[in-house]
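For reference, the structure discussed in these notes is given below.
The values are calculated or read from the model by the stated rules, or taken from the named source; none is laboratory data. As the structure is a computational prediction, the values presented were derived from the model and not from experiment. As a convention, Cβ positions derive from the backbone with ideal geometry for all residues, glycine included, and neighbour counts pool all protein chains shown. Ligands, DNA and RNA are stripped out before the accessible areas are found, and what is left, the full protein with its side chains, is counted by its heavy atoms. Shrake-Rupley method; radii C 1.70, N 1.55, O 1.52, S 1.80 Å.
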Amino acid sequence: MAVAMQLPALDRLDTYPKLLLHNAANWPGDVAMREKDLGIWQSYGWARVRDEVRAIALGLKSLGVERGEVVGLLGRNRPNWVWGELAAHCLGCMSIGVYADVLAEEAGYLLSHSGARAVLAEDEEQVDKLLELGDRLPELRWIVYHDDRGMAKYTDPRLVSWQQLHERAGRLADEQPGLFEREVALGRGEDVGILCTTSGTTSHPKLAMLQLRPFLEHMSAYLRADPRGSTDEYVCLLPLPWIMEQVYAVAMPLLCRIRVNFPESAETAVADMREIGPTHLLLAPRVWEQMAADVRARMMDANALSRWIFDKGLARARSAVERGRRSAVADLALMGALKDRLGFAKVRSAATGGAALGPDTFKFFLAMGVPLRQLYGQTELAGAYTLQDGGAVDTESSGKPFDNTEIRIEDADANGVGEIVTRHTGMFKGYFRNEAASAEVLTADGWMRTGDAGYFDEAGRLVVIDRVKDMARTSDGVRFSPMFIENKLKFSPYIGEAVVLGHGRPWLAAILCIRYSMVAKWAESRRIGFTTYQNLAANPQIERLLAGEVETVNASLPEPQRIRRFLLLYKDLDADDGELTRTRKVRRNIIDERYRQIIDAIYAGMERVHIVTEVTFEDGRKGRIEADLAIHATAAAGAVPAKAAA
C-alpha cells in the first residue's frame, strides 16, 4: 500500500525543535509516541511532547546550561530520553547519547571527551556510574535523574531530580514568558546537534558531528526511498545512541509523524510488539539471528508432528521465495501463524543494518513473509544511504543509493572490488575534537572514505564484502572475507559468536562461542549435566554438536575457505571486555591480542591449550578464569567428521 507523504519545508523548519513546535501546533492531539509502563500503554500527543521538552529545556537553562555546550543522555530507551535530546537542541546544545549498558570507565571517556556540562540519567544505576568517576569529569556540573527510587541517600551537590528540574522550569517560565520559543528561534540548520558515537572497532569511539538541517535533508531522501506516514507504527528496540535509532526514533517522526512505541522491557518486547503491530521495523543482525534461533529453540521442545510441519513448511516457503513466489500451503500451515506470533503481521517494511546479515537468516524471514531489506551506511554519513528495493530475493547486495547520494569505488581490482567512497547532503562535519581523524577519512573534494570493501553488481546495486582492513589472505594467497564465513556459522542455532582466523596463515580456523540458551536447552533435553557456561562449552557432547555445525558450513564453502580447526571458547565475547563494540561488532585487534595463546596453539597443531585470563563482570568487577580447552580438527583437515550426540 502506497503511503501518502508530504514532508515539511526544511528551508523554514530546519531544526528538530522547529519541527517539534510545527507538529504540536498543527496536530496537537495526534499520538507522537507511546510507552508501556506497568503493563499499560501511555500515549503522548505532539502537544504533550512539546510541553515535556519545554520543561526540560527551561530546567536546564535555569541551571546555567548555555548554547554550544554538550548535554549527555544515559539510560534505556524511553520517551524522556528523546525529550531530553530535543530539549538540548532547543537550547542550541549538542547531545551525546551513551549506551545504557556501558561501564563507568567507558561512560567517563565519552563524557570527558565531549566536555558534557549536564547529564540526564535514568536512575540510580546510571547515577552510580557518574559518581564513581569522581573528579574525572571536571566539566560536568549537573546530573539530572528521572527515577528517584533509591536516591534519597545521595548528597552530591550536582544531583537534581526530575521534579526539581520541572519546578525550576516553571519558575523561569513565569519570570521570562516566551523564553522557550525565543531559544528555539535562535537555532540554525547548520548547528551541530548530535555527537554520535562511532562503532570504535579499533579504539575508543569517535564522536561524529551531525548538523541538523543536513541530517533532516538526508532523512527526507531516506523517506523518499521508503515512505511512511502518520498512521504508521514503529517499535523502538535498538539503543537510542546508535545512529540508526536516531534516524528511526528521533528524526523520522519529526518529519513524517510515524508513531514511536517504547516496550516496557527487553523481556516483554516481543509481546509488546504484537500488541502494537508495527508497520515498520529496524533490527540489528544479531537480533534477527537471535529471533531465528529462538524459533528453532521452541521447535526443539515441540512434538514430532509439529517439527515435521515446521521443517516441511519452511522448506516449501523458502523454495517458493527463491522463485519469487509465495507458498499458500506453507503460509496457511506455518508461516502466517509464525509471523503473527513474532509481531510481524502488519510489517510493510523491515530493515537490517549495522553489519551483514547471513543469507540463511535473511531467507528465513523472507520465507516467513517479512519484507526484510538490507541497508548500508555509517554513523558519519547519517546512517543508511543505500536500501534494497525489495523487488527480488537479494541476499548479497545492500541495494541502490538514495537520490541524494553518490558512491564510487576506489582502487578497484580486476573484479571491481575496491574501497567504498561516498558523499551526500547529510554528511558529518567532522569528528569532535579530532581534526586528525577527520582528515584521514574526508577527501579534499568532499567525499568520505568508508574503509569498507565492495563493488557494484550488474544491476547497479552496492555489494559490501567486509572492512578493507579485515579482508584477509592466507599465506598461500587465498583471499577470503572472515565476516562472510562468520555469518554462515552464526546461522546455526547453537553458535552465538564466531571469529574466523587465517590471515597470513596457511589455512582457516575459528574461535566459536556457544549460543548458551539454545545449547543449554539441547543439553537439558538429553539429560546432560552442567552448571556454568564454561563447563557446558567444555562438554564432549557439546563439542561434537558444534563440530557437526561447522561441517555443515564447510560443505557450503569452497575448499580453500573451509575451517580446518576450531575451538569453543570458555565464555561469550563481551563488550565489557572490549572484545565487541556496543553494536556487537568484533574488535579483531583485541581478539588477536587477548587470545594470542589460543591462536598460536591452534596453528601449532596442539590438541589442548591451558589458559588463565581476566574477565569483567556485569557490575564492573574483574575476575580470573582458568580453563583447559580442546582444539578440534574438521574433515577439511583430514579428520573424520564428528557427529553430534543423538
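Mind jotting down the distance between the C-alpha centroids of the stretch 156-233 and the stretch 313-382, whole Å? With the stretch 313-382 and the stretch 156-233 each reduced to a Cα centre, they are spaced 33 Å.
Stretching the chain fully between residue 413 and residue 559 yields a gain of 50.2 nm (0.36 nm per residue, less the alpha carbon separation). With a Förster radius of 22 Å applied to the beta-carbon distance between residue 626 and residue 593, the computed FRET efficiency rounds to 0.70.
Radius of gyration over Kirkwood radius for the stretch 258-298, both on Cα atoms: the Rg/Rh ratio is 0.98. Taking the protein heavy atoms of the stretch 70-218 in the context of the full set of protein chains, the accessible area attributed to carbon and sulfur is 48 percent at 1.4 Å. Counted over all Cα-Cα pairs of the stretch 51-121, pairs farther apart than 21 Å make up 19 percent. Global size of the stretch 150-265: 18.4, 52 Å for Rg and Dmax (C-alpha atoms, Rg to one decimal, Dmax whole). Whenever you get a sec, compute what percent of the accessible area on the stretch 450-562 sits on carbon and sulfur atoms (1.4 Å probe). Answer for the stretch 450-562: carbon and sulfur cover 51 percent of the accessible area.
Annotation note: trypsin sites (Lys or Arg not before Pro) in the stretch 293-335 located in DSSP loop regions with a Cβ neighbour count of at most 12 within 10 Å are 323, 325. The relative contact order of the chain comes to 10 percent, based on Cα pairs under 8 Å that sit 6 or more residues apart.
Counted over the stretch 376-519 with a bin width of 10 Å, the fraction of Cα pairs per bin, in whole percents, is 10, 32, 32, 22, 4, 0. The modelled label-to-label distance between residue 128 and residue 319, using points 7 Å beyond Cα along the C-beta direction, is 5.6 nm.
Here the Debye sum runs over all C-alpha atoms of the stretch 178-226 as equal scatterers in vacuum, and log10 of I(q)/I(0) at q = 0.16, 0.23, 0.27 Å⁻¹ comes out as -0.66, -0.88, -0.94.
By a straight-distance test (C-alpha under 19 Å), which lysines pair with residue 585 as possible cross-link partners, with residues fewer than eight away in the same chain excluded? Residue 585 reaches 206, 469, 488, 490, 571. Compared with the dominant Cα axis of the chain, that is its longest principal axis, helix 285-300 is turned about 50°. Accessible area ranking (1.4 Å probe, heavy atoms, ligands and nucleic acids excluded), largest first, for 455, 99: 455, 99.
Other residues lying with their Cβ under 11 Å from the Cβ of residue 279 contribute a combined charge of +2, Lys and Arg counting +1, Asp and Glu -1.
Loop-located trypsin sites (Lys or Arg not before Pro) across the stretch 1-64 with a Cβ neighbour count of 10 or fewer within 10 Å are 12, with loop assigned by DSSP. Pairwise inverse Cα distances across the stretch 488-646, averaged and inverted, put the Kirkwood hydrodynamic radius at 16.1 Å. Annotation note: GluC sites (Glu not before Pro) in the stretch 175-221 located in DSSP loop regions with a Cβ neighbour count of at most 14 within 10 Å are 190. Computed over the alpha-carbon atoms, the chain gives an Rg to Rh ratio of 0.97, Rh here being the Kirkwood radius from the mean inverse distance. First measure r as the distance between the Cβ atoms of residue 37 and residue 503, then evaluate 1/(1 + (r/R0)^6) with R0 = 35 Å and state the FRET efficiency to the nearest 0.05. So the FRET efficiency works out to roughly 0.10. Orientation-averaged projection of the stretch 142-206 equals 7.9 nm² [convex hull of Cα atoms, one quarter of hull surface area]. Angle of helix 359-368 to the longest C-alpha principal axis of the chain, folded into 0 to 90 degrees and rounded to 10: 70°. What the Kirkwood sum gives for the stretch 312-433 is a hydrodynamic radius of 16.4 Å, with every pair of different alpha carbons counted. The residues of the stretch 158-210 present an accessible area of 46 Å² per residue when probed at 1.4 Å with all protein chains retained. So what is Rg over Rh here for the stretch 334-391, counting just Cα atoms and using Kirkwood for Rh? Radius of gyration over Kirkwood radius for the stretch 334-391 works out to 1.02. Full extension of the chain between residue 268 and residue 6 gives 90.9 nm of extra length, using 0.36 nm per residue less the Cα-Cα distance.
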